[in-house]
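Data first, discussion second: the structure below is written as structure tokens.
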Amino acid sequence: MGESRILVVTDYIDAHADRLIALLRERGAEPVRLNSSDLTAGLTGRPPHGVTLHLPEAGKTVDLAGLTSIWWRKPGPFGLRPDLDERQREFAMEETGHAVLGLLGTLGARWVSHPDAIRRAGYKAEQLHRAEALGFTVPRTLITTDPEAARGFLDECGGQTVYKVLSDPYLAASRHAERGGHGRHEHGRHGWHKPPDNLFVATTPVTAATLGDGEAVRAVPCQFQERLPIASELRVTVIGDEVFAAEVVAGTMDWRLPGADATWRAAALPDAVAARCVALTRGYHLEFGAVDLIRTPDGRLVFLEINPNGQFLFVEDRVPELRLGDAMAALLMRGGQA
């Protein structure tokens, strides 16, 4: 059995993991990739004495003693036996999560980032509260199930309002898969597949006409924000204590939409804004964060949200001078407690 200093927890289809693992190997590291589909294939621990993994693809068992970094990349639902009923699946999923996080937590490694920190940082309302406390300008925001409150907010914003999803813009597809729904092949060898783009809920303008009688608001809490004029948007990636800013000018309201016409370039942030991005990220005990800002025509930078475990290599693909892969590889190889 060999040792590894870096563990990458993801699933079979993950281009980010593929590229970073190749980069780490170029630098002399030998990371271990653990696909969530295979988590139950061979996991053994004797706390506090160590953890071993059996990797079916590689046909070997790996001792995680001396691990210095864990990159909690994008694991999908855990691979479970197909003959379990719904209640058994729920129990098995909970047990697997407790086993994995508990055993990995005994190793004293740097998490990038711990799933508890990622989960805590995902709450949009708290993000806005923290960001404003740090000195960011934030948009007026309403979260409500009350149609009258929604109409009042629309009037307050002069009819310039957007709707934004609070959780998963792909309609909770990953949670559906965790509970035994469709979305992965029988043995997980093809990993978690992103749902069709026509299920993606983009940032959506809201008018009095589209709000209608507002009954849809009663069905689920809705987040409404004032629609600010946009000169450009900034994607600020925080890796450790480093800050990388890219600016995008898009022809659509949401540059994430497929086929969106967008121009990207590197951007310089004011020192105070860069420091706030780091403080927000580190305040959540994260080692990584993707912060979205907008620049208004009068030059103000307005905070929108932080994605605690977002994609980042697409930014480097568009702005190659931002060496995000190098920065992530260096952080993982540095290891140590955060």
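Are any residues in region 97-131 among the polar types (S, T, N, Q) and at pLDDT below 95, and if so, which ones?
Within region 97-131, Thr106 is the sole residue that qualifies.
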When the residues of region 277-298 are filtered to those that are in contact (Cβ under 8 Å) with a residue 24 or more places away in the chain and part of a loop (DSSP other than H, G, I, E, B), which remaining residue is surrounded by the most Cβ atoms within 10 Å (Cβ to Cβ)?
Glu287
Filtering region 307-329 down to residues that are under 14 Å from Ala15 (Cβ atoms) and of a type in the set (A, V, I, L, M, F, W, C), which residue is surrounded by the most Cβ atoms within 10 Å (Cβ to Cβ)?
Met328
Of Gly325, Gly283, Gly335, which residue is closer than 27 Å to Arg119 by Cα and at pLDDT below 95?
Gly335
What are the residues in region 91-118 that are charged (D, E, K, R) and touching a residue at least 24 places away in the same chain (Cβ under 8 Å), if any?
Arg110
Of the residues in region 27-55, those that are crowded, with 18+ Cβ neighbours inside 10 Å and modelled with pLDDT under 80 number 1
Within region 310-330, how many residues turn out to be under 14 Å from the mean Cα position of the chain (by Cα) and under 15 Å from Gly240 (Cβ atoms)?
1
State all residues of region 128-143 that are out of contact with any helix residue (DSSP H, G or I) (no Cβ under 8 Å at 6 or more places or on another chain) and crowded, with 20+ Cβ neighbours inside 10 Å; if no residue qualifies, say none.
Leu128
Listed by first then second residue, the pairs whose first member lies in region 135-159 and is farther than 27 Å from Val273 by Cβ, whose partner is loosely packed, with under 15 Cβ neighbours inside 10 Å, with beta carbons under 6 Å and at least 6 positions apart or on separate chains, are Thr145/Arg218; Thr145/Pro221
Please verify whether Arg87 is surrounded by 14 or more Cβ atoms within 10 Å (Cβ to Cβ) and without any contact (Cβ under 8 Å) to a residue 40 or more places away in the chain, treating the condition exactly as stated.
no
Taking the stated definitions as given, is Leu67 closer than 21 Å to Leu24 by Cα and without any contact (Cβ under 8 Å) to a residue 40 or more places away in the chain?
no
Just checking, how many residues over region 306-334 are in contact with a Leu (Cβ under 8 Å, 6 or more places away or on another chain) and either outside any helix (DSSP H, G or I) or of a type outside the set (D, E, K, R) (or both)?
11
Among strands (runs of 3 or more DSSP E) entirely within region 1-80, at least 3 residues that are not charged (D, E, K, R) occur in 6-10, 32-35, 43-45, 51-55, 69-72
Scanning region 117-171 for residues that are assigned to a helix (DSSP H, G or I) and of a type in the set (Phe, Trp, Tyr) gives Phe153
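The values are calculated or read from the model by the stated rules, or taken from the named source; none is laboratory data. Keep in mind the model is a prediction, meaning the values are calculated, not measured. Note that each Cβ is placed from the backbone with ideal geometry, even for glycine, and that neighbours are counted across all protein chains shown.
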